[in-house]
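Participant: Once you've had a glance at the structure underneath, I'll fire off some questions.
Bear in mind that the values in this text are calculations on the coordinates, not laboratory data. Since we're looking at a predicted model, the values are computed, not measured. Glycine also receives a Cβ, built like all others from the backbone with ideal geometry; neighbour counts cover every protein chain displayed.
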Amino acid sequence: MRIGELAARSGVSVRSVRYYEEQGLLVSTRNSGGQRHFTEGDIERVDFIQGLYAAGLSSRTIMELMPCRDAPSDENSDAALERMAEERDRLSAHIENLLNTRDTLDGLMAVARADRDGRRSAA
């Protein structure tokens, strides 16, 4: 199938399909006119890639996880699980930082409200 059909059937843009190919996440064959051709299996592959992007993973990390899908084995599964755990830890640390930032902002807002309310009651 051509790139437009793959994009339509997987629910992504043609640009996304091209990006996946540039990143090495997806491989096409080319005809004599240079047009990309994909297989039916590439629809599931794009869905898999989309799911990993939705989980907040980068294309580099997704590339590291692809052997688990392409060549299932205990070793590849263990490596993928370890890599996903690292990403989860990274996200958890980021969430903690965001929560701390939000708490700091809440504190500043409380001070500003108290200051505002103090000026209102003095007037």
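Participant: Which fully enclosed helices (runs of 4 or more DSSP H) of the stretch 14-123 have 3 or more residues being exposed (fewer than 11 other Cβ atoms within 10 Å of the Cβ)?
Facilitator: 74-122
Participant: Another question about this same structure. Among the residues in the stretch 50-67, are any over 15 Å from the mean Cα position of the chain (by Cα) and under 30 Å from Met1 (Cα atoms)?
Facilitator: Within the stretch 50-67 (the criterion being over 15 Å from the mean Cα position of the chain (by Cα) and under 30 Å from Met1 (Cα atoms)), the answer is yes, since at least one residue qualifies.
Participant: Confirm whether Thr29 is at negative phi, among the hydroxyl-bearing types (Ser, Thr, Tyr) and in contact with a strand residue (DSSP E or B) (Cβ under 8 Å, 6 or more places away or on another chain).
Facilitator: So Thr29 fits the description; yes.
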